[in-house]
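The values are calculated or read from the model by the stated rules, or taken from the named source; none is laboratory data. Nothing here was measured: the structure is a model prediction, and the numbers come from that model. In this analysis, Cβ positions are derived from the backbone assuming ideal geometry, glycine residues included, and neighbour counts consider all displayed protein chains.
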């Protein structure tokens, strides 16, 4: 649940919005209208907003560092637009950094995700040597390596073609369904190809 805040210039955000676990939401807007800022606010990276963002009716500004660590490890799986991979590490090493914290996926399950996304031959490649589309798929795998109540995705398929978009959408919706999690995906035009419960146009 969150109200309007600075940086998102739309009447949509000047009202109370409830985002529910198990529902799928698409936030569609032109570049520069605040989608990434909104994701950073929800994830606690930034607090330069007005209004209130609350998890289960608790203002997130009141969360301690320990509580934020728990939120990020167990409740919100986040894919940032810039992906934030470590270029000097391999694709698998980037994923293992997170999976060691959560213990959520077996190595076999991770390899299967590489195969499904068509990048099985990139497991041991340095992230810096991958194409942007390949990096995006690695980052998506990393995002799915945790328990969560919401999967928060900032332009998750911006560098993918129609077929890879479909594959990614299927993987994400399957994982969300398995966990009973909600999906919040932003888009500047290339929408994640999933059925949605509500679209917000900024």
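Residues considered: 91, 120. Of these, the only one that is crowded, with 21+ Cβ neighbours inside 10 Å and under 23 Å from residue 170 (Cα atoms) is 91. Is it true that some residue in segment 23-35 is under 24 Å from residue 143 (Cα atoms), modelled with pLDDT of 95 or more, surrounded by fewer than 18 Cβ atoms within 10 Å (Cβ to Cβ) and within 20 Å of the chain's Cα centre (by Cα)? Yes, the conditions are met somewhere in segment 23-35.
In segment 176-196, the condition of being modelled with pLDDT of 95 or more and within 22 Å of residue 97 (Cα to Cα) is met by at least one residue.
Given the residues 114, 104, which is the only one that is modelled with pLDDT of 95 or more and in a loop (DSSP other than H, G, I, E, B)?
Of the residues listed, the single one that is modelled with pLDDT of 95 or more and in a loop (DSSP other than H, G, I, E, B) is 104.
Conditions (1) touching a strand residue (DSSP E or B) at 6+ places or on another chain (Cβ under 8 Å); (2) assigned to a strand (DSSP E or B), marked per residue:
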| site | (1), (2) |
| --- | --- |
| 21 | yes, no |
| 26 | yes, yes |
| 31 | no, no |
| 36 | yes, no |
| 40 | no, no |
| 46 | no, no |
| 51 | yes, no |
| 54 | yes, yes |
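Filtering segment 58-72 for residues that are within 17 Å of the chain's Cα centre (by Cα), in a helix (DSSP H, G or I) and in contact (Cβ under 8 Å) with a residue 40 or more places away in the chain leaves an empty set. Quick check, is residue 98 at pLDDT 95 or above, surrounded by 14 or more Cβ atoms within 10 Å (Cβ to Cβ) and in a loop (DSSP other than H, G, I, E, B)? No. Reported count of residues in segment 151-187, each being assigned to a loop (DSSP other than H, G, I, E, B) and surrounded by fewer than 18 Cβ atoms within 10 Å (Cβ to Cβ), is 4. Among residues of segment 143-164 that are free of Cβ contacts under 8 Å to residues at least 40 places away in the same chain, those with a Cβ under 6 angstrom from a residue that is buried (at least 19 other Cβ atoms within 10 Å of the Cβ) and assigned to a loop (DSSP other than H, G, I, E, B), sequence gap 6+ or separate chain, pair up as 157/192.
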